[in-house]
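Following: one structure in structure tokens, then a few remarks.
Values quoted throughout were computed directly from the atomic coordinates according to the rules given, and no laboratory measurement underlies them. All figures in this text were calculated on a predicted structure; none of them were measured in a lab. Every residue, glycine as well, gets a Cβ built from its backbone with ideal geometry; the counts of neighbours run over all protein chains shown.
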Amino acid sequence: MGAGMVSELHHRAITIGSHLRLVGVYDVATEVAERRACDWGCRAYPTLGHGLEDPEVEAVFVLAPAEIHAEVALACLRAGKHVLVEKPVASCEDVSELEQTARGSGLVCMPGHNYAYQPEFRSVLRLVKEGSLGKVRAAWLTYVVRHPESVARAYGSVLEEVMVHHTYLALALFGSPNELYAGCMEPAWREHSAEDQAWMTWHYHKGLSVHHFATFAVADRTSNPWLFSVKVLGESGSASYNWHDSVFERALGTLAFAVPAYEDSYIYEHDAFALAMAGDQGAIVSPLADAREAARVLQLAREASERGASVRVVPEP
Ligand SMILES: NC(=O)c1ccc[n+]([C@@H]2O[C@H](COP(=O)([O-])OP(=O)(O)OC[C@H]3O[C@@H](n4cnc5c(N)ncnc54)[C@H](O)[C@@H]3O)[C@@H](O)[C@H]2O)c1
């Protein structure tokens, strides 16, 4: 549901992976759905309702713009379909409703938190959780991918659209911070009004700080470039990974070049989704609870950025 840029990455992953089969597509732009259906050898539904009535459809990927994620995901759950919802899933309140509806129906509703399924991330997560790095004192999550203004415009703000990835990863690694600082840069686009760069620093009691940065404005052409990178420093060990380890020339989805670590994250995400559909909810590394907390933390980050002051993150009751 929604057959734009990100659907190309999901389609590639379905084709490579072994658990899912594409039955059909729906897009409000009929010509888009028909072109995809022709290219991908599947049905084009004239309405979402037609897709939901198709008995062959067991699950729906909600890949439309964020504003309608909750409404569509709820309709799918109420029609008895499992759902994978792209990031950012929805507002805090809407994610709560999705959680309740999914729980009540026994269906899977999984956030499209694809970065959490990369094997490199899961390895860092394990090292942190099992304590191999000792007490973790500092971490960095950095996203440096130059986007043309036309693509950036499709997304809106870097803070909510990109740093949701940073946020759910940091929540999985360390939980919610106690306090955060954030800033959004005045954009240098020609017309688009949203920020092109943003940062957050999260503080935890007992000496951990987590530093987040994202930019659409520049690429890193240095000898050891960032693309998306994670670094965690503990008192007895450190861990890091960087998407730049493999890159090649081929445009797909949102990027003008291919990044296997990124593209393959969708394959691992689908594997987890299929396992969850088969009853193993533990396969979901970054569940709806993290999508709800990510929405809350990013709302506080927006507030901190606008006020130019730090914000205390009081745990939810
Ligand atoms: N996980 C990731 O790394 C990642 C990467 C890119 C985009 N995304 C997310 O995926 C979602 C879609 O992004 P995109 O890049 O594909 O955007 P896009 O603008 O390329 O595509 C969105 C598609 O949804 C369709 N659409 C809009 N309203 C609709 C409606 N009411 N019913 C049916 N279809 C509708 C549009 O016609 C369009 O084809 C966004 O939430 C975005 O943040 C995630």
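Tabulated data
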{"item": "GNM result for the chain, Cα springs below 10 Å: residue of A295, A283, A198 fluctuating most strongly", "result": "A283"}
{"item": "Debye, to nearest 20: dipole size of the range 5-111, +1 on Lys, Arg Cβ, -1 on Asp, Glu Cβ", "result": "340"}
{"item": "Per-selection Rg to Rh, the range 27-178 - Cα, Kirkwood hydrodynamic radius", "result": "1.02"}
{"item": "Residue of V25, V259, V151 that the Gaussian network model of the chain assigns the largest fluctuation, springs spanning Cα pairs under 10 Å", "result": "V151"}
{"item": "Per-peptide average of other Cβ atoms within 10 Å, ordering 236-242, 164-170 highest first", "result": "164-170, 236-242"}
{"item": "Per-pair calculated FRET efficiency, R0 = 30 Å: R122 and A79 via Cβ, rounded to 0.05", "result": "0.40"}
{"item": "Folded to 0 to 90 degrees: helix 5-16 orientation relative to the chain principal axis, Cα", "result": "80"}
{"item": "Proximal charge balance of S246 [Cβ under 11 Å; K/R count +1, D/E count -1]", "result": "-3"}
{"item": "Evaluated at q = 0.15, 0.19, 0.24, 0.25 Å⁻¹: base-10 log I(q)/I(0), Debye formula over Cα of the range 197-268", "result": "-0.68, -0.98, -1.26, -1.29"}
{"item": "Counting DSSP beta bridges with both ends in the chain, the antiparallel % (nearest 5)", "result": "65"}
{"item": "Spread of Cα-to-Cα distances over 10 Å intervals beginning at zero, given as percent, for the range 5-111", "result": "15, 49, 32, 5"}
{"item": "The range 170-217 and the range 121-159: distance between their alpha carbon centers, rounded to Å", "result": "10"}
{"item": "Within the chain, helix-based [θ] at 222 nm, where runs of 4 or more DSSP H residues each add -39,500 (n - 2.57), nearest 500", "result": "-12000 deg cm²/dmol"}
{"item": "Cubic angstrom per residue, convex hull over Cα atoms of the range 223-317", "result": "216"}
{"item": "Selected from A278, A256, A70 as most flexible by GNM, with the chain as the system and alpha-carbon contacts under 10 Å", "result": "A278"}
{"item": "FRET E, pair M5, S236, Förster distance 51 Å, beta-carbon r, rounded to 0.05", "result": "0.75"}
{"item": "Per-selection metrics, the range 87-129 (Cα): Rg and Dmax in Å", "result": "13.6, 35"}
{"item": "Solution diffusion estimate, µm²/s, Stokes-Einstein, the chain, Kirkwood Rh from C-alpha pairs, 4 °C, viscosity 1.567 mPa s", "result": "64"}
{"item": "Size descriptor, Kirkwood hydrodynamic radius, that averages inverse alpha-carbon separations across the range 114-201, Å", "result": "14.8"}
{"item": "Separation in nanometres of the label points that stand 7 Å from Cα toward Cβ, at R35 and A289", "result": "4.3"}
{"item": "Test item: Cα-centred dipole of the chain, Lys/Arg +1 and Asp/Glu -1 on Cβ, debye", "result": "820"}
{"item": "Gap separating the Cα centres of the range 298-317 and the range 248-268, nearest whole Å", "result": "33"}
{"item": "Label-reachable residues, the range 219-242, where backbone N falls under 20 Å from a point 7 Å from K206's Cα toward its Cβ", "result": "232-239"}
{"item": "Dipole of the chain, positive direction: furthest Cα of T167, G51, A295, with charges on the beta-carbon", "result": "T167"}
{"item": "Calculated Rg and Dmax of the range 130-281 using C-alpha coordinates, Å", "result": "16.8, 49"}
